[in-house]
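First comes the structure, then the notes that go with it.
The values are calculated or read from the model by the stated rules, or taken from the named source; none is laboratory data. Predicted model only: the values in this text are computed from it and were never measured. Every residue, glycine as well, gets a Cβ built from its backbone with ideal geometry; the counts of neighbours run over all protein chains shown. All accessible areas refer to the heavy atoms of the entire protein, side chains included, with ligands and DNA or RNA removed. Shrake-Rupley method; radii C 1.70, N 1.55, O 1.52, S 1.80 Å.
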Amino acid sequence: MDLRLTEQHLKFRDELRAWLTANLARPWREELRDPNNNEDSLMEVRRQWQRKLHAAGYVGMDWPTEWGGRGASEVEKSVFEEESARADAPQIVNFLGIGLLGPALIHHGSEAQRRRFIPPMLAADEIWCQGFSEPGAGSDLAALRTSATLDGDHFVINGQKIWTTFGPWADWIFVLARTDSGDRYGGISFILCKLDTPGIIVRRLRQITGESEFGEVFFEDARVPRENLVGQIGEGWRIAMTVLAYERGAMSLAYAARFERDIRQLAIACREHGRGGTAVREKLGRLFVENEVMRANGLRNLANFADGNKPGPESSFEKIFWSEFDKRFRDVALDLLGPGGLLERSSAEARADVDWAREFLWARAGTIYSGSSEIQRNIISKRVLNLPQI
Amino acid sequence: MKFELSEDQALLRSSTRDFLAGEWPIEQARKVMEHDPRGYDPAAWARLAEMGYLGLLLPPNLGGQGLGAIELAIVLEEVGRAAMPGPFLDTVLAAALLASAGKRDALVNDIAAGKALVTIARDDAPFSGGNATPTRFEGGRVRGTKYFVPFAAAADALLVTTLDAVCLVQKPFEVIALTTFDLAQRFGEVKLDHAATAIGSPSLLGRVDQLAAVGAGATLLGLMSRALEITLEYVQTRSAFKRPIASFQALQHRLADMLLKTESTRSAVYRAAWCVDTDAPDTAIACAAAKAYAGDASRLVCGEAIQMHGGIGFTWELDLHVYFKRAKTLEQHYGSTEAQIEHTLAAAGF
Ligand SMILES: Cc1cc2nc3c(=O)[nH]c(=O)nc-3n(C[C@H](O)[C@H](O)[C@H](O)COP(=O)(O)OP(=O)(O)OC[C@H]3O[C@@H](n4cnc5c(N)ncnc54)[C@H](O)[C@@H]3O)c2cc1C
């Protein structure tokens, strides 16, 4: 066992820390809570942040340098995520492109597609969104019905995507569409669509936070060039799955850094509001303990990656752990803050450290998206415990 | 970076598992628990000593193997899996305490050789957090009452904590048995008015507490992983409504959560052990958090194991209650969950 970072990784971390200190004008937390910022201007803040990161070589950390990446190791990628969370840096704006589509293009795309799409993706000049879910196909993603029919050198696309994060701001969407209605998994293709194509309409959806960060996307005889197909016809499911697997990293360390910061803020808030005593302390302590266990899980996974092991069921463990913990944590936070925790960020009386009300509501999403907790448990019982399926 | 055990450590794991399977099959463990008033079997104890387990942490010049906290965790995980009764962790901790005081080498040697049984007497009150009258050390005598002293009746000597010293007290002492539902772990109440020698200051307990947290956490990990294993076998063989009950999603999801808790405990316990061995800056946090989490998790997993066995799970006959009781006992000792949470917060500067 050895959970220590190597000299080389420590050097990388120190350089990154110095860079973050020099380049983060003010904490993202404050930016987020600045009443002068609305959803649109926040997108712009994130776009600028991604550009800064890109110029410094921190976007596409583990991509090959040939495609504009840094060619960094899993460990460095994880250090980057952890340090960014610790420094309270904004999330990059194009995380769906960088996280999912980029790897898909690098692994399965054509040379021409990589050349065309990767540079503006890295530079946040073209924002991407992910069109997988449909009204009738969420957890059961392969039930999707959006169809793509070849007509000469174009696909004609019909159907509807939903819960599309950043749909209202994005320039492009990568969709899974059915090219063969008879073949459940083998009849799905992976296609890139420009959102201003005639026949594509995006509508905002309002979320429980009041924001409209996601939307729905309608396709009515939208004609998309055939060259926008990634891989072969019918390969979409396989591409989507390998990309999702590729995306797995030791994310618990970044979450633990963010949660620890918020737990400390909560303790300060409790003190300032005269909420103390053993009951309060025990609640804070339990949160802290669980967060440390999450950190231990993250360290273990990182060490396994560094040791050359392939990602396995750890990603389901991590997903359940952080998302379920997030819900409990935010619950306790509002419980300890009392009615003051319910104040909206626009309210002058709201605490300026963390947007507790919004975090509480947002925590509801983590156990639903990217494979709900139930789906993750299905994966563990099927693939790890090998329990009989019916 | 590497989480996996080294070759030597993996070998220690498999040899300990084999040794305990031969020496301590669960039937044997239960026989001793249920019928031997000492709560352990001296003959088997001697074999543990012979194999070097009792001197695991001690330097070779004191009859030990000079191993670290990771190895301690490996062995105790197996002890937990086997539900081995007896004062194993207690003697290992007492020996470590004596050794770190740099005193009484002969006694340390005897502990490692299985010739002397020494445990640590710490609790000043029958209920944790009660208004205890602390035990005192004055004029060469220790006075007071200690509760829940591990294996007090069998001990040759006790290491007694007082406000400003750790003292060594030799038998005989008067012991009132405090019988709990966990027959693997015997406790006594000891009234002390004894000549004693101070072997060091209470600060010696710092490292011992960390080893205790790792050791108890590892035992809890062993208990819960074995309870989960037994349950996974059962749900695949037991049928209801013409299907193996393992095919019910209501059980599958809970089994997945049991595995999640078990593996998270593993991450936390081995991280803590590694921190102790490398003297990492977050050792205190990692140890306390691991023990606090392991206690909760093990009780829950062992409890779910009983639930998933239905009626037979509630019987004395089935072994699961042994794991469940052990888990609950360990949760309360070697720094209760409550105390460990407080340690975590204090170490993190809250
Ligand atoms: C904030 C947010 C952002 C999102 N962003 C995107 C995006 O950018 N792109 C995109 O494509 N999608 C996105 N999604 C969609 C998300 O992936 C789906 O909501 C998710 O997969 C669940 O699908 P569903 O909503 O259809 O729920 P359903 O699949 O209908 O599930 C309803 C409930 O049933 C449970 N359930 C379903 N199947 C099973 C089963 N087999 N066993 C046990 N329980 C089951 C679920 O866990 C859930 O509790 C986003 C969702 C949210 C909340």
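Assorted remarks:
- Residue match in the stretch A:219-234 (condition: open to solvent by less than 20 Å² (accessible area, probe 1.4 Å) and of a type in the set (F, W, Y)): yes
- Of all residues assigned to the stretch B:50-65, none qualifies as being buried (at least 18 other Cβ atoms within 10 Å of the Cβ) and within 14 Å of chain A (Cβ to nearest Cβ).
- Only listed residue being assigned to a loop (DSSP other than H, G, I, E, B) and modelled with pLDDT of 95 or more, chosen from A:A148, A:A142, A:A177, A:A124: A:A124
- Filter result (buried (at least 16 other Cβ atoms within 10 Å of the Cβ), outside any helix (DSSP H, G or I) and more than 11 Å from every other protein chain (Cβ to nearest Cβ)) within the stretch B:1-27: B:W24
- Flag for A:G167 being within 12 Å of the ligand (Cβ to nearest atom) and open to solvent by 40 Å² or more (accessible area, probe 1.4 Å): no
- Tally, over the stretch A:183-194, of residues that are open to solvent by 10 Å² or more (accessible area, probe 1.4 Å) and in contact with a Gly (Cβ under 8 Å, 6 or more places away or on another chain): 2
- Search result, residues across the stretch A:7-22 that are touching a residue at least 12 places away in the same chain (Cβ under 8 Å) and open to solvent by 40 Å² or more (accessible area, probe 1.4 Å): A:R13, A:R17, A:W19, A:T21
- Scope the stretch A:33-61; condition touching a helix residue (DSSP H, G or I) at 6+ places or on another chain (Cβ under 8 Å), touching a residue at least 60 places away in the same chain (Cβ under 8 Å) and open to solvent by 30 Å² or more (accessible area, probe 1.4 Å); matching residues: A:H54
- Of all the criteria given as (1) at pLDDT 95 or above; (2) farther than 27 Å from B:A268 by Cα, the one not satisfied by A:G338 is (1).
- Residue, nearest to the ligand (Cβ to nearest atom), within the stretch A:369-383, restricted to residues that are surrounded by fewer than 17 Cβ atoms within 10 Å (Cβ to Cβ) and assigned to a loop (DSSP other than H, G, I, E, B): A:Y369
Residue-wise test of (1) more than 11 Å from chain B (Cβ to nearest Cβ); (2) in contact with a Phe, Trp or Tyr (Cβ under 8 Å, 6 or more places away or on another chain); (3) open to solvent by 30 Å² or more (accessible area, probe 1.4 Å).
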{"site": "A:V293", "(1), (2), (3)": "no, yes, no"}
{"site": "A:F305", "(1), (2), (3)": "no, no, yes"}
{"site": "A:K319", "(1), (2), (3)": "no, no, no"}
{"site": "A:R330", "(1), (2), (3)": "yes, yes, no"}
{"site": "A:E349", "(1), (2), (3)": "yes, no, yes"}
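- For the stretch A:114-141, a residue qualifies if it is of a type outside the set (A, V, I, L, M, F, W, C) and open to solvent by less than 10 Å² (accessible area, probe 1.4 Å), and exactly one does: A:G131.
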